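What follows is a short report on a single structure.
The values are calculated or read from the model by the stated rules, or taken from the named source; none is laboratory data. Note that this is a predicted model, so its numbers are computed, not measured. Quick reminder, even Gly has a Cβ in these numbers, built from the backbone with ideal geometry, and neighbours come from all protein chains shown. Ligands, DNA and RNA are excluded from the accessible area calculation, which covers all protein heavy atoms including side chains. Shrake-Rupley method; radii C 1.70, N 1.55, O 1.52, S 1.80 Å.
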Amino acid sequence: EYYNRSLDHYFITSLPIEQHMLDTGGFIGWQRTGYAFHVNGTTDNASVCRFYIPPTLGDSHFYSGAANECAEVATKFPSFVYETSSLFKTTLPDLVSGHCATGQTPVYRLWNGRTDSNHRYVTDAVLRGQMINAGYVSEGYGPTGVAMCATL
């Protein structure tokens, strides 16, 4: 995970080329937060789509492992750029309870609720609470807003 203080935005990536660019200043202002999560790359898991939110709406990204949510976002926000339907593989939580399978941990999705839209994806429940206290909105499945599940 990366953070840009001047934008007050977070960004996650699994792509080595993006990590290199962020780490070496190719994208100005980004620094690692020290947070990360691991996903299971097997083919029987859900593919995570990624949308780029253009600068007029946030200059940010949105991720989902639910194909129907990816389709909804593409329809509801036609100005978002659908970058990929399979950035990485993950497992979805139970869509009602938000619970992940045994051996997995929830990845909470939080939205800043601002006109410069940005999402943060965290596995730490305490950090999730801190973000909500800072004004972020919980999104995802179940009462705690679980977007996907990560491996332990």
**Study point:** Any hit, the range 34-44, residues being farther than 21 Å from residue 152 by Cα and touching a Lys or Arg at 6+ places or on another chain (Cβ under 9 Å)
**Key:** no
Study note, to complete from the structure: Counting only residues that are open to solvent by less than 40 Å² (accessible area, probe 1.4 Å) and part of a strand (DSSP E or B), the range 1-35 contains a total of 5
Review point. Considering only residues of the range 94-122 that are polar (S, T, N, Q) and over 11 Å from the mean Cα position of the chain (by Cα), which is farthest from residue 7 (Cα to Cα)?
Key: 102
Exercise for review: Say whether the condition of being closer than 17 Å to residue 45 by Cβ and touching a residue at least 40 places away in the same chain (Cβ under 8 Å) is met by at least one residue in the range 133-145.
Suggested key: yes
Point to revise | Answer from 128, 109 - the residue that is modelled with pLDDT of 95 or more and either part of a helix (DSSP H, G or I) or on the phi > 0 side of the Ramachandran plot (or both) | key: 128
Check your understanding: Just a yes or no: is a residue in the range 24-45 of a type in the set (S, T, N, Q) and under 14 Å from the mean Cα position of the chain (by Cα)?
Key -> no
Check your understanding: Within the range 131-152, which residues are open to solvent by 30 Å² or more (accessible area, probe 1.4 Å), out of contact with any Asp or Glu (no Cβ under 8 Å at 6 or more places or on another chain) and either of a type in the set (Lys, Arg) or in a strand (DSSP E or B) (or both)?
Key -> 137, 138, 139, 151
**Study point:** Candidate set from the range 68-123 (those that are touching a residue at least 60 places away in the same chain (Cβ under 8 Å) and among the charged types (D, E, K, R)); member that is nearest to residue 37 (Cα to Cα)
**Key:** 120
